[in-house]
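The values are calculated or read from the model by the stated rules, or taken from the named source; none is laboratory data. Note that the coordinates shown come from a computational prediction; the quantities given were computed from them, not determined experimentally. Note that we place each Cβ from the backbone using ideal geometry, even for glycine, and neighbour counts take in every protein chain shown. All accessible areas refer to the heavy atoms of the entire protein, side chains included, with ligands and DNA or RNA removed. Shrake-Rupley method; radii C 1.70, N 1.55, O 1.52, S 1.80 Å.
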Amino acid sequence: MAIHKPKWFSKDHVMVSTAPTCGLTKGGRLLKKVDPVTAQRLQVVDPETGGLVDAVNDQLLEDMEALVKLKGVPDGDEEDLPATLTFVPAEKVSLKCAVPVYYDHRYDDAFQAALAEDEALKGFSSATLGELAKTNRLLIRGGHGSPSQEQRIGEIPYIKVSDLRAGLVNINPTNRVTRTVAEKFWRGKSSGLQAFDLVCPERTSKNIGDFCLLMPGQEQVLTTKEIIVLRPGREAPFDMFYLLWAMTLKIVRDQWRRVIFMQTNREDVGKRYLEISIPVPPSRQRADVVSAPFKAYYETIAKARTELQTYLATSHAHHFFVSGAEEPDDEEYTGEAQIDEKARVEDED
């Protein structure tokens with residue numbers, strides 16, 4: 001039986017649509033298109049009745065209609081294609097990762113464009129997290145582990161992904177483990193964490209995906225295995241405040257959309273986060289200048305926390321929780337990147 005070969009077909013390219021909508025809601029009803037400014041439904045003329053009807057948000061259909069009009073594989077920007085429709089060279093596509101959004105180049109393009117055009121980034125180069133780790137400019141490690149629910153009694157705070165919010169690690173005083181359990185998961189007497197380490201849920205998603213800083217006094221905690229810990233390496237031309245500045249740039253944060261395959265609380269990004277690119281400063285001085293507001297903010301918070309802790313330690317008239325963790329440990333973490341390849345699920349009870 002003969003198979004129709006469309007005009008746009010090519011053995012050298014794979015057509016990929018990253019359309020976020022297909023005209024239907026999760027409940028199976030029509031997904032209406034709304035004005036992004038007014039949030040009011042948009043209306044179009046019904047070709048059959050001539051009356052106005054609600055427009056349907058079906059980006060997939062728009063991609064396919066644009067595809068039908070193509071006379072071949074686009075070879076430049078002259079083609080009037082939707083931003084969600086692209087042709088990827090066949091050698092860059094792997095059946096082991098057959099998820100359309102992974103091949104969406106818009107976020108990487110936006111990052112490279114910003115490096116080339118943004119005056120604030122003049123002189124900066126770029127590198128992926130994986131490249132920074134290989135050149136000793138970045139230390140990457142995973143969390144300690146996830147003790148079972150019945151083990152969560154004691155004095156050592158246990159940090160879950162839901163405790164990482166708004167740039168800070170929010171310790172839950174009712175969720176702790178004994179020192180014996182902590183040392184088992186620490187594989188030693190100390191957590192290996194340092195003040196101002198960057199921590200982020202490895203199974204990043206829209207609602208839990210921002211990097212936070214571990215504050216002084218919070219070092220001796222037990223982190224769930226589903227946490228990524230970043231720290232400048234010995235060859236890094238930047239400190240932890242610059243690293244946070246870079247990781248929170250919109251052009252960097254948007255890249256996570258490509259490596260996150262599902263927007264749920266149970267999604268694991270595996271090793272794909274190592275493909276995220278960040279700006280690399282031309283010098284330590286330049287790094288310190290651009291990240292100065294972050295440093296001032298977090299050092300101010302750290303100072304205020306220390307002063308409040310000192311007061312609370314001398315006054316027993318308040319029921320107020322600040323940290324609950326032991327004092328900072330002088331032992332330095334010198335381990336190499338630890339990356340768990342398995343998808344992992346944490347007990348959130």
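List the trypsin sites (Lys or Arg not before Pro) in the stretch 94-123 that DSSP assigns to loop (not H, G, I, E or B) and whose Cβ has at most 12 other Cβ atoms within 10 Å. Which are they? Mind dumping the intermediate values first?
Details: sites: LYS96, ARG106, LYS122; in loops: LYS122.
For trypsin sites (Lys or Arg not before Pro) across the stretch 94-123 that sit outside H, G, I, E and B with at most 12 neighbouring Cβ atoms in 10 Å, the list reads LYS122.
Quick one, what does Rg over Rh come out to for the stretch 70-191 if you take C-alpha atoms and the Kirkwood Rh? Don't jump to the answer; show the numbers that get you there.
Numbers: Rg = 23.0 Å, Rh = 19.9 Å.
A ratio of 1.16.
With r as the distance between the Cβ atoms of ARG284 and CYS97 and R0 = 30 Å, compute the FRET efficiency 1/(1 + (r/R0)^6) and round to 0.05.
On the way: r = 37 Å, r/R0 = 1.22.
Efficiency, from the Cβ-Cβ distance: 0.25.
Can you tell me the length gained on complete extension of the stretch VAL56 to ASP12, counting 0.36 nm per residue apart and subtracting the Cα distance? Don't jump to the answer; show the numbers that get you there.
Details: separation 44, 0.36 × 44 = 15.84 nm, distance 3.38 nm.
Result: 12.5 nm gained on full extension.
Find, among the GluC sites (Glu not before Pro) in the stretch 234-314, those assigned to loop by DSSP (not H, G, I, E, B) with at most 13 other beta-carbon atoms within 10 angstrom. List each step's numbers first, then the result.
Numbers: sites: GLU235, GLU267, GLU275, GLU299, GLU307; in loops: GLU235, GLU267.
For GluC sites (Glu not before Pro) across the stretch 234-314 that sit outside H, G, I, E and B with at most 13 neighbouring Cβ atoms in 10 Å, the list reads GLU235.
Which one of VAL229, PHE185, PRO282 is farthest out on the positive end of the charge dipole of the stretch 166-316, using unit charges on Cβ (Lys, Arg +1; Asp, Glu -1) and the Cα centre as origin?
PHE185
Using a/c under 1.5 as the rounded threshold, could you call the stretch 1-100 rounded, prolate or oblate? The axes a ≥ b ≥ c are square roots of the C-alpha gyration tensor eigenvalues, and prolate needs a/b larger than b/c, oblate otherwise.
Working: a/c = 2.12, a/b = 1.80, b/c = 1.18.
In terms of gyration-tensor shape, prolate.
Could you tell me which trypsin sites (Lys or Arg not before Pro) in the stretch 127-178 are loop residues by DSSP with no more than 15 other beta carbons within 10 angstrom of their beta carbon? Can you show the working numbers first?
Numbers: sites: LYS134, ARG137, ARG141, ARG152, LYS160, ARG165, ARG176; in loops: ARG137, ARG152, LYS160.
Sparse-neighbourhood loop trypsin sites (Lys or Arg not before Pro): none present.
With axes computed from alpha carbons, what is the tilt in degrees of helix 292-314 against the longest principal axis of the chain, rounded to the nearest 10 within 0 to 90?
40
For the chain, what is the accessible area per residue in Å², given a 1.4 Å probe and the full set of protein chains?
57
Build a GNM of the chain with springs between Cα atoms under 10 Å: which of LEU42, LEU138, LEU85 gets the top mean-square fluctuation?
LEU42
Compute the helix-to-body angle for 106-117: its Cα long axis versus the longest principal axis of the chain, expressed 0 to 90° and rounded to tens.
70
Where Lys and Arg each count +1 and Asp and Glu each count -1, what net charge lies around ASP46 among other residues with Cβ under 15 Å from its Cβ? Each step should come with its number before you reach the end.
On the way: positive: LYS32, LYS33, ARG41; negative: GLU48, ASP54.
With Lys, Arg at +1 and Asp, Glu at -1, the net is +1.
For the chain, with all protein chains present and a 1.4 Å probe, just round the carbon and sulfur fraction of the accessible area to a whole percent. Before the final figure, lay out the partial values.
On the way: 10590 of 19810 Å².
Of the solvent-accessible surface of the chain, carbon and sulfur hold 53 percent.
Pairwise over distinct Cα atoms, reciprocal of the mean inverse distance: report the Kirkwood radius of the chain in Å, one decimal place. If you can, show how the numbers build up before the last one.
Details: mean 1/r = 0.0427 Å⁻¹.
Its Kirkwood hydrodynamic radius stands at 23.4 Å.
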